[in-house]
Every structure is written in structure tokens, then in C-alpha cells.
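Worksheet: one structure, shown below.
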Number of protein chains: 2
Amino acid sequence: MEKIKPRTLSGFMELLPRRQMQMERMMEVLRRSYSLYGFTPLDTPAIEASEVLLAKGGGETEKQIYRFTKGDADLSLRFDLTVPLAKYVAMNYAQLTFPFRRYQIGKVYRGERAQRGRFREFYQADIDIIGDGALDIVNEAEIPSIIYRTFTSLGLRRFRIRVNNRKLLTGFYELLGLTEKSGAIMRTVDKLDKIGPEKVKLILTEDDGVSAADAEEIMSFIAITGTNAQVLEALERYRGRSATFDAGLDELNTVVGYLSAFGVPEENFAVDLTIARGLDYYTGTVYETVMLDHPEVGSICSGGRYDDLAGYYTDRKLPGVGISIGLTRLFFVLEDQGYLNDALLTAPADVLILPMTDDMAPAISLATRLREAGIRAQLYSEKKKFKAKMAYADRLGVPYVVFLGEDEISAGKLSIKDMRSGQQITEETDAALAFIAQGLAAGSGGCVILDRE
Amino acid sequence: MEKIKPRTLSGFMELLPRRQMQMERMMEVLRRSYSLYGFTPLDTPAIEASEVLLAKGGGETEKQIYRFTKGDADLSLRFDLTVPLAKYVAMNYAQLTFPFRRYQIGKVYRGERAQRGRFREFYQADIDIIGDGALDIVNEAEIPSIIYRTFTSLGLRRFRIRVNNRKLLTGFYELLGLTEKSGAIMRTVDKLDKIGPEKVKLILTEDDGVSAADAEEIMSFIAITGTNAQVLEALERYRGRSATFDAGLDELNTVVGYLSAFGVPEENFAVDLTIARGLDYYTGTVYETVMLDHPEVGSICSGGRYDDLAGYYTDRKLPGVGISIGLTRLFFVLEDQGYLNDALLTAPADVLILPMTDDMAPAISLATRLREAGIRAQLYSEKKKFKAKMAYADRLGVPYVVFLGEDEISAGKLSIKDMRSGQQITEETDAALAFIAQGLAAGSGGCVILDRE
């Protein structure tokens, strides 16, 4: 029979077992973290009617969309989790309770040009809080707390959540009389990290049509840095010249003010006047999250406040605030940069049982007992030499191997090898199980991410 | 702005929050159950190269496949999790450890004709154990134990795992000299449940070309019932006439013999000589699982032993045994038949905090404290009347509401309402948190499935 070469498409992540276990751990932490904040899980189809998915139309993404027909249906794979959320909320409005807090971890599809670290199928992990007509600013203050808890639960330490406010920016350009040029200006300012201040200033005056004096003003505005208190104080000097600016500053004050009550340390949070994000969409607080030791990675968790989630489906005003983690790309970066904690227990079982008798019943009963005690147990039932069996245990990385021979069975004992310490004991079954349970409780090797202090 | 009507494609399950929470609980139970048996999680792309996915070619499924092009790539959505597993194992053979035990819970796609209870996108929850060249029969004996633990952990009680052995069947038709007709005969016998014995006998003689005497033999063979011991004993009378039959009978004896050591009660398990399953694929033990009160649903968990997982990708002999649960359809049936336990806690939070002061800091600190204690807490920050806030708590179904006004804050106390009992207490913060933690530990409303005893 002629063989087909098995392969996985480029741009599609497919992990080996140990790595997959780390990925699962990450998802578990995300689910747990989002749940602690009262978000409910959602799951929407990967395929939608193109008409529905592309209701907003146009844009960069449209070319990347996987679109096809089946029978006479025009279908598309979802390219994010926001449009499906908008559809869901508009469609189920009467049956939902607002504010509606949902999380969704799911695969999305974009047919981007293949390159290292870019994926065509990737997980997004999103949370959103949707209000019915209105949504209190406290929700915007809560988001950094969720980002902080999520990343620290994963084990990441050296990261910073950058926050800005779109009203503040809009108001600032308004008070300079630059409202019409503000879109172009913000796009230019957004490049500051990449091209530096000199280049930004040049583009502002030469391409964006900003006067030298205004460019000076813009440069000194985005140069405002320091502690959050210092930045907020510096911003006070612009107060009173634009109602929009003042509203944005009030919001920013509220968000920063509630930080410590939300348990976010000052060092993981910074007001940053240079970030703007999704120009057409966000209207209030905006967020980015950067790894301090890898700024080149860009933002690993971004989002913001928007006023109109589902305007292309419904007349209802549905404001919200949300953030998204590009999980597949984050995982790639973590692996690539050596952040994944390889001390994490990634074995498929806690205990591998090696039966040394022909009758497997005693070994099976032991496996059943371990499983009933919540211990992940695998029975090794292949007919192999002892050495091959131990090599199997080694390759899987199981923490404990139990040997069960005639001697142990007749004495009602178990011989256990702790594969990590090399220690081997023979004990009455109860004591042996306690030994294993204790060892497992002592730790599964820490968090999935291993970051320096 | 003209609105697009938001809709979800027919044949695609999209649940409201409470139902979704039940679905998540089911997946959590499956993940936990599979993990206890030492299976490692895998995740493969939903899209594969058509050439790879359709390597096996032909068959009923091919028409149902979502196939499309993107650029010059010919792509298909996976229609099961077995072909991607075969690809994965063939591709990563050198880096895997055999026996390789993996579970995968993922969406698959089949463009079937839309009808009630049929889905075009649905979750399959699969486990497989893959051997390298050989795989011991004990693995086949373990499978019913996994099925049993999984369904009982979900809360299902009235189900039965039916088991047969393909060697036994092949051997039986061999000893009757009906090997060439055995495919057609097995397909006919498979209809026994639906059309009854008279009709089966008629088709055997009139359509399948079986003599009246042989049909008699077949009918009396498939009529063998009773306890497992009785069935096995009755089968002994055929021993010695076909090596294949004898091997099958030995295997069946082994599988049944280890049942009680594997913790499977006799009443949840039955040797059933009428089932055959996937004629071209399975070669040893085969499994079906039926709900005793809803036989019309068919099998809710099926699978079996196969000898050649990945023959279209590799020359390596990769035998295995696996089962699959059609999770989306199962969920649909459970909901439809009233099996879903609506007493299950499906609220997005354990505690809803209602701040009664303008300064939200004390309420935020409380939320942070609850979350740090592992209690799912939501802050209600919208400016609404008290009645609207309580209605929100009611609609979410949260078990506890905490009121935090000036009085409580200055006294260092919390007022808590247990929404299930109606009981309201005001206590020092520590005692109040203990009250909540105790109430939550007392239970989250039981299993996701509520079956009668």
C-alpha cells in the first residue's frame, strides 16, 4: 500500500505530550482565574454564516479569513472571539443578565502569511463584561487585577500592565485643535517604542501636518513619565480645557485609585500615555501587557473599554470592557525564550504499576484503589523485560513506580520507588499509599512559567 | 445603519450560560476521569491537508467533509479524532513512548443533513491506547472500567456496557463455513434490536444466502444470553472448531475475568453476541454503551480493539484500543430527556458583593480577599436600585449575597444572605467568610446528571 506522508500544516501548533500538558495547565489556570472573578464560560461555533461574521465588513482581517461554501451556504471560520460574542449577546439579549461577564478560550483562524511565531490557527483567551446601556468605570478598574492575577498564577513575574485612556487622548488632541488629525497622530505616536522620539516628531511634522509647536506639545505630553501619582499630577495641568480630557483624567484617576484595593502592586502597573490601541473601537481605558525582559514580543494581553459591542446586529447600546490573550503565540514565546518550567509534573500518571506476576488481578485491584483515592495510576501490562519497563517509567517521567510481585502480594505490602529521589521502600499497602499521597501533595513542581524574581 | 440579523447556523450547538456551565462540568469530569487512568491530553488542528485527512479515502464520511481551498492549499476540517491521532502517532513515532495513552476532547465537523439532534459541529471525547507492534489484552479489559467510572462520575446510573469480540464472531462464521458471507451476516444481525429475530432470520436466508440450518445456528448463537458466566459457559460448546473462535473466547474470558478487580459491577456490563461495530476496522474486543431507559438513543460510548491504526501513513504495526463519546449529542439527549441536574450550581460566582457606599474600596478589598481564598466573587458596581441588584443576584443564581454598607464597614462586619435558604446573618468578617466557605464546601448540588436509582 502506498503511504501518504503524515504532516501538520504550517502555522498550526501541534505539541508533543509534555508540552501539551504545560499548555493544558495554562488553560486550567486561565479558567480558574477568570472564574474567580465571576466570569461564565461560553463556547460558540468555529463556523459562522459569512454574512453574520463579516457584518462589520472590510478591514485587514477580511483577506485572511477562511471562507468557503458547503451546499449553498456561505461560511467562514471565526477570526476572533469578539464578533461571535457580539452575535451571541445580540441574539440572546432577552435571556442574558447584564452586566454579562463571560470568558471564552477557543481557537480562531487567520490565513496569515506563514512565518516563525505566526499562527493560522490559534487560541484566544478572552474576557468581556457587557453592560446594558451603561457600564460602571469600576469594571475598567477591575481588569488590571484580572490580568495581574492571571499572569502571576501562571508564574510570570516580570511583566507590566500599561494603561491609558482614549478620552484623555481624544481630549488632548481636541484641546490642541487637532481633532481631525488625531487618528494619524495616534498611529504615529504608537510607533514610539519602535522608532524613537526623533523619528516620531519628524513624521508628525512632515507627514501628519502638525505644526512644530504642536509637535513639541505632543512630544512633551507623551514624555510624561514617573510613578502613577506623578503622571496623574502632571496631567492635571491640562485640566479645564476639554470636557473629554477631564472625563478621561477622572476615569484614569479612578482606575489607578482602586489598584491597591484590587491587589495590584504598583510595580506591575503603569499609566502610559503612548498607547492607544484599536482606534475605531475603544473609547475609554485601554490596556497592554508587556514582558519586561522581552519588550520585542509586544503586548501579551490587550484590550479596552468600548461603547458599542454589537451595533451591526442591534440598536441596543451594549458598552463593555474586555481583554484578550493570544494564548498560542504566548505559549510559543514562552517556549522559545525558555520560560516553560520543565520541573512541572507533566507525566500522564502519578504512579506506574509494574505487575511481576502472571495473574494481573492484584495489580488491577491496586490501580482501582489508587484511582478511587484520586491518584492517577497506570498499569503496565505489556510483556517486557524489567529494564524495558523501567525505561518506560523513566521516559514518561512518572514520579512513582510500584512493584507488585508474589512476595509483596502475599505480605500485603507494596514496593515503591520514588523516581525523583531514587528512594525505594517496602511498606504495608496503607502506609505505602500514604507515602505516595504525601509526596504528591508536596508539590507538582510549581507554576508552568518559571520567571526570575 | 442597516442591521444584520444575528444567527447561529443550524446543526451548531451554542448554549446559554447555565447550560454551558453544565457542559463545562461534563468536560471537566471527562478530563479528570481520563487522567486518573494515565491518559495524556492531546490537541491537534481542526484543519488538515485534505491529502492527509483523506488518506484512507472513500466511505460515507467523504461527502460530509468540509473541504475548501485557501491560496493553493487543499484543506479539510477533521471529521473525527482518530485520523488526526493516526497522523500524529505516525509523524511523531520516535518521540512518543509506547504504549501511548492519549485522550482528546475536541470539535469535529460533518456536513450532515440538518435534523433534530444531529450536529454538524460536535465534540468527541476519545481515549486510545496505542501499542508499538503489540498491545496486551489487559488494555482491552481496562476500557469498560474507564467507561464505568466516567459515566458514574457524571451521575449516570442506569447504563450498561455491552461487550463482544470480533475474533469470536469471525471464528464462529468460520466454523460454520460462512467466512465469505460473514460481513453481510453481521450487518444483518446488527439490526436485531431494531427489526427483531424473525425479520433477521428472513433476511439471512433470503438476502444473505444462508441455509435454513445455518440460519438456525446463527439465531441460536445470538440468542445466548444470561449472566456473563452463563454466556461464557454456553460459548464453550463451540470450542475446538476454529482457532480464531478459541482465541476470541480466551480474550473475552480475560476481559470478563478482570472486571471486578477493575471495579466494574456485573449489572453495568454484559457480554452481548449481537454487536459487531465498524466491520473493517475492529479486530478484537468491541464496546457499546446504552442507557437502559433510552435504548432508542443507541450507543453513547463505543469503540474497540484495532490492529492497524496508521497503515496509510506508515509500515509500522500500531495496534490499539479506543473508545469515543459523542459529547454534543449526549448532552443534547440528556437535556432533551430531562437528565440534566438543575440543582447543580451553575452561577458564575459564589458570592455577589453589593456595595452600599460611594467609595468602592472596601467592597473591592473584600472581593480581592474572597478571590485569594479561592471563592469566586463578583462585585456589583452598577448604579441601580436595591431591588434591581437583588433581582440580578436572583437571576444569576449566586448562592450568597454580601451587603457592605457604612454600618458593616465601621463595625468590621459583613451582612450575608444565603440565597438558597433565605437565612441572613451579620458577622465579623472572618466568621462570615467561614460561613460562606462552609456552605460552599457542603456541596455544589451534586453531579451534572441526575439519574434515578
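Set the bar at 21 Å for Cα to Cα. Now go through A:K181/A:K201; A:K3/B:K317; B:K5/B:K107; A:K3/B:K63 and name every pair that lies beyond it. Don't skip to the end; give the middle numbers.
On the way: A:K181/A:K201 14 Å; A:K3/B:K317 13 Å; B:K5/B:K107 26 Å; A:K3/B:K63 23 Å.
In this structure, B:K5/B:K107; A:K3/B:K63 lie more than 21 Å apart at Cα.
Among B:L77, B:L42, B:A55, whose Cα projects farthest towards the positive end of the dipole of the stretch B:26-80, with charges put on the beta-carbon of Lys, Arg (+1) and Asp, Glu (-1)?
Checking the options against the dipole of the stretch B:26-80, the answer is B:L42.
Identify all lysines with a Cα-Cα distance to A:K199 below 17 Å; exclude those on the same chain that are fewer than 8 residues away in sequence.
Candidates past the 8-residue exclusion: A:K191.
Considering every Cα-Cα pair within the stretch B:1-113, what fraction, in whole percent, is farther apart than 20 Å? Walk me through the numbers on the way to the answer.
Values: 3683 of 6328 pairs.
For the stretch B:1-113, the share of Cα pairs beyond 20 Å comes to 58 percent.
Using the Kyte-Doolittle scale, find the helices of chain B whose mean hydropathy is at least -0.5 and whose Cα atoms extend 20 Å or more along the helix's long axis, counting only whole DSSP H runs.
Numbers: long enough: B:17-36 (28 Å, -1.08); B:138-154 (25 Å, 0.31); B:243-257 (21 Å, 0.41).
Membrane-span-like by this rule: B:138-154, B:243-257.
What are the label-to-label distances in nm, one decimal and shortest first, from A:G298 to the same spot in the other copies, with labels 7 Å along Cα to Cβ?
Once sorted, the set of distances for A:G298 reads 4.6 nm.
Before I look further, what does chain B give for accessible area per residue, probe 1.4 Å, in whole square angstrom? Show your work: numbers first, answer last.
Details: 18240 Å² over 453 residues.
With all protein chains present, chain B gives 40 Å² per residue.
Just to be sure I understand the model, the point goes 7 Å from the Cα along the line to the Cβ. What's the resulting A:R395 to A:S211 distance in nm?
The modelled label-to-label distance comes out at 7.5 nm.
Sorted from largest down, give the three principal axis spans of the alpha carbons of the stretch A:61-130, whole angstrom values.
If we take the Cα atoms of the stretch A:61-130, the spans are 41, 35, 15 Å.
Please report the carbon-and-sulfur percent of the accessible area for the protein assembly as shown; probe 1.4 Å, protein heavy atoms only, DNA, RNA and ligands left out. Don't jump to the answer; show the numbers that get you there.
Values: 17210 of 36450 Å².
For the protein assembly as shown, the apolar C and S fraction of the accessible surface comes to 47 percent.
In whole angstrom, how far apart do the alpha carbon centroids of the stretch A:89-146 and the stretch B:1-53 sit?
Computed from Cα coordinates, the inter-centre distance equals 17 Å.
Buried by at least 50 Å² relative to the chain on its own: which residues of the stretch A:291-316 qualify, computing accessible area with a 1.4 Å probe on protein heavy atoms?
Flagged in the stretch A:291-316: A:Y312, A:Y313.
When the solvent-accessible surface of protein heavy atoms is calculated with a 1.4 angstrom probe, in what order do A:T227, A:T429, A:T44 fall, highest first?
Numbers: A:T227 70, A:T429 30, A:T44 0 Å².
Reading off the accessible areas and sorting them downward yields A:T227, A:T429, A:T44.
How large is ³J(HN,Hα), in whole Hz, for each residue of the stretch B:37-50 in order, when computed from phi with the Karplus curve 6.51 cos²θ - 1.76 cosθ + 1.60 and θ = phi - 60°, using x for Gly and Pro?
9, x, 8, 9, x, 10, 9, 10, x, 6, 10, 9, 4, 4
Which value results when the Cα radius of gyration for chain B is divided by 2.2 N^0.38 Å? Could you put the intermediate results ahead of the total?
Working: Rg = 27.5 Å, N = 453, 2.2 N^0.38 = 22.5 Å.
That works out to 1.22 for chain B.
Please list A:I203, B:I375 in order of solvent-accessible area, largest first, computed with a 1.4 Å probe with all protein chains present.
Details: A:I203 40, B:I375 15 Å².
Largest accessible area first, the residues go A:I203, B:I375.
Compare A:M13, A:M291 by solvent-accessible area with a 1.4 Å probe and give them largest first, with all protein chains kept in place. Mind dumping the intermediate values first?
Working: A:M13 35, A:M291 5 Å².
Ranking A:M13, A:M291 by accessible area, largest first, yields A:M13, A:M291.
Which residue, A:G439, A:V401, A:I195, has the largest displacement toward the positive end of the dipole of chain A when charges sit on each Cβ (Lys, Arg +1; Asp, Glu -1)?
Sorting the options by dipole projection puts first A:V401.
Give me the accessible area buried between chains A and B, both sides summed, with a 1.4 Å probe, in Å² rounded to the nearest 100. Intermediate results must be reported in sequence, preceding the final value.
Values: alone 22600 and 22640 Å², together 36450 Å².
So the buried area, both faces added, is about 8800 Å².
To one decimal in nm, how far is A:E428 from the same spot in the other copies, if labels go 7 Å from Cα toward Cβ? Please give the shortest first.
With the label placed 7 Å along Cα→Cβ, A:E428 yields 4.2 nm.
Place the label 7 angstrom along Cα→C-beta at B:S220 and in each other copy, then list the distances from the first to the rest in nm, shortest first.
10.7
Of A:T328, A:A363, A:Y312, whose Cα points farthest to the positive end of the dipole of chain A (charges on the beta-carbon: +1 Lys, Arg; -1 Asp, Glu; origin at the Cα centre)?
The residue sitting farthest along the positive end of the dipole is A:A363.
Determine Rg/Rh for the protein assembly as shown; Rg is computed over alpha-carbon atoms and Rh is the Kirkwood hydrodynamic estimate from the same atoms.
Details: Rg = 30.7 Å, Rh = 30.5 Å.
With Rh from the inverse mean 1/r over Cα pairs, Rg/Rh is 1.01.
Once the whole set of protein chains is in place, how much accessible area is left on B:Y313, using a 1.4 Å probe, in Å² to the nearest 10?
Accessible surface of B:Y313 is approximately 10 Å².
Between B:S220 and A:Q423, what is the label-to-label distance in nm when each label sits 7 Å out along the Cα-to-Cβ direction?
6.5 nm
Go ahead and estimate [θ] at 222 nm for the protein assembly as shown from helices alone: -39,500 (n - 2.57) per DSSP H run with n ≥ 4, summed, over the residue count, rounded to 500. Working shown, then result.
Values: 31 runs with 346 residues, N = 906.
When only DSSP H runs of four or more count, the value is -11500 deg cm²/dmol.
Across peptide A:30-42, what mean number of C-beta atoms from other chains lies inside 10 Å of a residue's C-beta? Write down the numbers at each step before the final one.
Numbers: counts 0, 2, 2, 1, 2, 7, 12, 8, 16, 4, 11, 9, 7.
Counting other chains' Cβ atoms within 10 Å and averaging over A:30-42 gives 6.
The values are calculated or read from the model by the stated rules, or taken from the named source; none is laboratory data. Because the structure is a prediction, the values reported are computed rather than measured. Neighbour counts are summed over all protein chains in view; Cβ atoms, including those assigned to glycine, are modelled from backbone coordinates with ideal geometry. Note: areas computed on protein heavy atoms with side chains; ligands, DNA, RNA excluded. Shrake-Rupley method; radii C 1.70, N 1.55, O 1.52, S 1.80 Å.
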